[in-house]
Amino acid sequence: MPYTDDSALPDVSDETLRDALATTIPYTILILKAGPRFLPPGPDRDPEVAAAIWRHGKRNFALREVGLLAIVCPVADGSNVVGVSVWAATTEDVERIYSQDPAVLAGILVYEIHPTRTFPGSTLPRWTDAPAQ
């Protein structure tokens with residue numbers, strides 16, 4: 001549904017929210033940032049940086065394939081944040097996994113890890129009105 005204003009949203013009772021909050025499931029969020037050796041994509045990117053980012057992407061895809069990396073979202077808005085991900089793993093496991101990322105080891109990327117929770121069945125709906133990037 002396209003958002004117009006809050007009047008179009010359904011009413012949620014206190015009881016409904018309390019019941020839903022009692023069912024939340026733990027996950028971990030990772031915020032990926034540009035490190036000291038980061039160079040944005042483009043013709044001036046050092047080939048070593050590009051190769052490390054490629055290995056990083058392949059590793060992330062493998063982690064996604066085995067179900068650890070539930071959601072991965074590259075960010076390309078020119079800010080210091082270059083990605084956000086949601087993990088079906090503990091913060092300790094994500095730290096252990098990400099400390100071995102090839103782009104992290106090369107000083108290209110740095111990260112923050114945060115525990116979080118979400119509701120059972122949370123998904124990303126297909127957003128057909130997404131603007132072209």
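Quick notes on this one:
- Pairs with Cβ under 9 Å, 6+ apart, first in the range 61-90 and within 20 Å of G107 (Cβ to Cβ), second of a type in the set (S, T, N, Q) and surrounded by 14 or more Cβ atoms within 10 Å (Cβ to Cβ): G83/N60; S85/T28; S85/N60
- For the criterion of being at pLDDT 95 or above and either open to solvent by 40 Å² or more (accessible area, probe 1.4 Å) or more than 17 Å from the chain's Cα centre (by Cα) (or both), W87 fails.
- So A52, is it part of a helix (DSSP H, G or I) and small (G, A, S): yes
- Contacts under 6 angstrom Cβ, first residue in the range 19-31 being assigned to a strand (DSSP E or B), partner aromatic (F, W, Y) and open to solvent by 50 Å² or more (accessible area, probe 1.4 Å), 6 or more apart: L30/Y111
The values are calculated or read from the model by the stated rules, or taken from the named source; none is laboratory data. Source: prediction; values computed, not measured. Note: ideal-geometry Cβ built from the backbone for every residue, glycine included; neighbour counts use all protein chains shown. The protein model used for the area step is the full one, side chains on, heavy atoms only, and it has no ligands, DNA or RNA in it. Shrake-Rupley method; radii C 1.70, N 1.55, O 1.52, S 1.80 Å.
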